[in-house]
C-alpha cells in the first residue's frame, strides 16, 4: 500500500469518526405556569445570569429577546437567539463556525452547551432540573398516582425535636398570617430527595421535608433573615400553595420535596 493510499484511508476514517459527533441541533424550549409568578424582568435576569455563569457573551438585550455568543478555545463559535416571556423561554440556534454545522446537524458539544445553559436558567428560576429528570424517569413520581400532601407544621416540629432546626428561623406557609412587618431580602428555594425504600410515603416525605427545611434555615442565617415566609411547594413548572400542607412526590424508590419561599426579617 502506498503512502498516498494509507493517507487517504486515515483521512476517510477521520471523516467518518468526525461525522459521528454530529447531532440534530437542540433548540431548548421551556414553558411555565403563570402561577409561578415569574415577571418578565425576573426571566430576563435569570437568562442573563445563566449566560454569565456559563461564559457566554451577551450581544444584545431587548424586551422579550436576548442574543448571545460563545467562543471556545478560539476554534469553536456559536450564536443563539433567546426569546422569552414571563411563562417561557427558548434557546434557538442562529449561526456557528468550527462546529461542523450542516443540514440541521452540529457537533455534539453545541448541544451540551445549550443544555447546560438551559439548566442554569432553570436553577435561576428556582427549578431543579435534576429533580425534574428523576420525575420524568418515574423514579420519584408514579404516573398513576397524585402527589401526596402532609401537614407542614408536623414536619417542622419533628425536625425541631430531632435537633435539625434550632428555632432561630420561623417558617410560614403561603396564606399563613405573618406577625409584624417583613423586610424582604430575597427569594430562596430548596429541593431535597430521600430514599423511599422500606418507608411509608409519609415517613419518606417528612425526611425530605426536614432536609429542605435545614437548607432553608442555613440560607436564612447566611442572609441575616429570621424567617422564611410565603412558602409554597414547587410542582414541576407550577406552585402548590396551602396554608397547612406541603406537597411531596413519593415513589417506589425516592421521595422529593421542593420548596420556594421569601427570606425576610420580621420586626
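The values are calculated or read from the model by the stated rules, or taken from the named source; none is laboratory data. Just so it is clear, the structure is predicted and the values come from calculations on it, not from any experiment. Glycine also receives a Cβ, built like all others from the backbone with ideal geometry; neighbour counts cover every protein chain displayed.
So, in region 45-73, how many residues would count as being buried (at least 18 other Cβ atoms within 10 Å of the Cβ) and over 20 Å from residue 239 (Cα atoms)? Lay out the reasoning, then the answer.
We begin by selecting, within region 45-73, every residue buried (at least 18 other Cβ atoms within 10 Å of the Cβ); these are 46-48, 50-51, 56, 66, 68, 70.
Subset that is over 20 Å from residue 239 (Cα atoms): 47-48, 50-51, 56, 66, 68, 70.
Of the residues in that region, 8 qualify.
Going by the structure shown, is residue 112 in contact with a strand residue (DSSP E or B) (Cβ under 6 Å, 6 or more places away or on another chain) and surrounded by fewer than 16 Cβ atoms within 10 Å (Cβ to Cβ)? In short, no.
Counting only residues that are out of contact with any helix residue (DSSP H, G or I) (no Cβ under 9 Å at 6 or more places or on another chain) and either surrounded by fewer than 19 Cβ atoms within 10 Å (Cβ to Cβ) or modelled with pLDDT under 95 (or both), which one in region 220-229 is nearest to residue 202 (Cα to Cα)? First the steps, then the outcome.
First pass over region 220-229, keeping only residues out of contact with any helix residue (DSSP H, G or I) (no Cβ under 9 Å at 6 or more places or on another chain): 220-224, 229.
Next, from what is left, pick out any that are either surrounded by fewer than 19 Cβ atoms within 10 Å (Cβ to Cβ) or modelled with pLDDT under 95 (or both): 221-224.
Details: 221: 28, 222: 30, 223: 31, 224: 32 Å.
So, considering only residues that are out of contact with any helix residue (DSSP H, G or I) (no Cβ under 9 Å at 6 or more places or on another chain) and either surrounded by fewer than 19 Cβ atoms within 10 Å (Cβ to Cβ) or modelled with pLDDT under 95 (or both), the one nearest to residue 202 (Cα to Cα) is 221.
When residue 216 is tested against (1) surrounded by fewer than 21 Cβ atoms within 10 Å (Cβ to Cβ); (2) within 18 Å of the chain's Cα centre (by Cα), just one condition goes unmet, and that condition is (1).
Scanning for something in a strand (DSSP E or B), out of contact with any helix residue (DSSP H, G or I) (no Cβ under 8 Å at 6 or more places or on another chain) and modelled with pLDDT under 95, does region 66-73 turn up at least one residue?
no
Taken over region 230-267, the residue count meeting the criterion of being over 20 Å from residue 125 (Cβ atoms) and either under 18 Å from the mean Cα position of the chain (by Cα) or outside any strand (DSSP E or B) (or both) is 9.
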